[in-house]
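Report on one structure; see the data block that follows.
The values are calculated or read from the model by the stated rules, or taken from the named source; none is laboratory data. As the structure is a prediction and not an experimental result, all values here were calculated from the model. FYI the Cβ positions are ideal-geometry reconstructions off the backbone, even for glycines, and counts take in every protein chain you see. Calculation scope for accessible area: heavy atoms of the full protein, side chains included, ligands and nucleic acids excluded. Shrake-Rupley method; radii C 1.70, N 1.55, O 1.52, S 1.80 Å.
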Amino acid sequence: MNCKIELAKKTDARDIFNLSNDNAVRRNSFNTSQIPWNDHIIWFNNKIQSQDCIYYVIRDDAGQFIGQVRFDKSESEKEHDGWVISISLCKEYRGKGLGTMLLKNSTQKAIEFCEIKKIYAYIKEINQASLKSFFNAGYGIACEEIVDGVKSFKLVYKCQNC
């Protein structure tokens, strides 16, 4: 399947809102609450305008929304040189091996776009499908952490050519 990875625009807000409130996405997120539209639109507009966020949407050749990948500049002292990635795919595209490919492609695109040196991911221990995709995309375990009371893995991708 051919996929286009492009910077998110205001017109992508509804697709991302619907995906963000998908039951599986909420379950695998650290904030499991449903997101109200008004909160989402304020948050989304801030993200796509921020210098500290690279927000991609993924669509197929016909323009069908597949998912999103977001890189946020880390606010942590320990990760001052890093970014944090999150990814979610629409349910009809999960389990088809797209996650690994999209992680590889979007990671490379973000590195080229912003000269990123390190990328971190926080994945719940129970989210084995996501862990597998990240490992296959070249991410490794940095450590185990408790995030919002949930046993999780902190993964890291170190740019090889930076």
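Apolar share of the accessible surface for the chain: 47 percent from carbon plus sulfur atoms, 1.4 Å probe. The TRP43 and LYS104 beta-carbon pair, evaluated with R₀ = 35 Å, returns a calculated FRET efficiency of approximately 0.80. Working from the Cα coordinates of the stretch 10-63, the gyration tensor eigenvalues give, after taking √(5λ), semi-axes of 18, 16, 11 Å in decreasing order. Surface exposure of the chain, expressed per residue as accessible area with a 1.4 Å probe, stands at 56 Å².
When we measure straight from the Cα of LYS118, which lysines land under 24 angstrom away, once same-chain ones fewer than 8 places off are left out? Qualifying lysines at Cα under 24 Å: LYS4, LYS47, LYS73, LYS78, LYS104, LYS109, LYS132, LYS151, LYS154, LYS158.
Based on C-alpha pairs under 8 angstrom that are at least 6 apart in sequence, the chain has a relative contact order of 18 percent.
Scalar couplings 3J(HN,Hα) for the stretch 58-72, obtained by applying the Karplus form with A = 6.51, B = -1.76, C = 1.60 to θ = phi - 60°, are 10, 9, 7, 4, 8, x, 5, 5, 9, x, 9, 9, 10, 10, 10 Hz; x denotes Gly and Pro.
For the stretch 57-162, the share of DSSP beta bridges that are antiparallel, to the nearest 5, is 90%.
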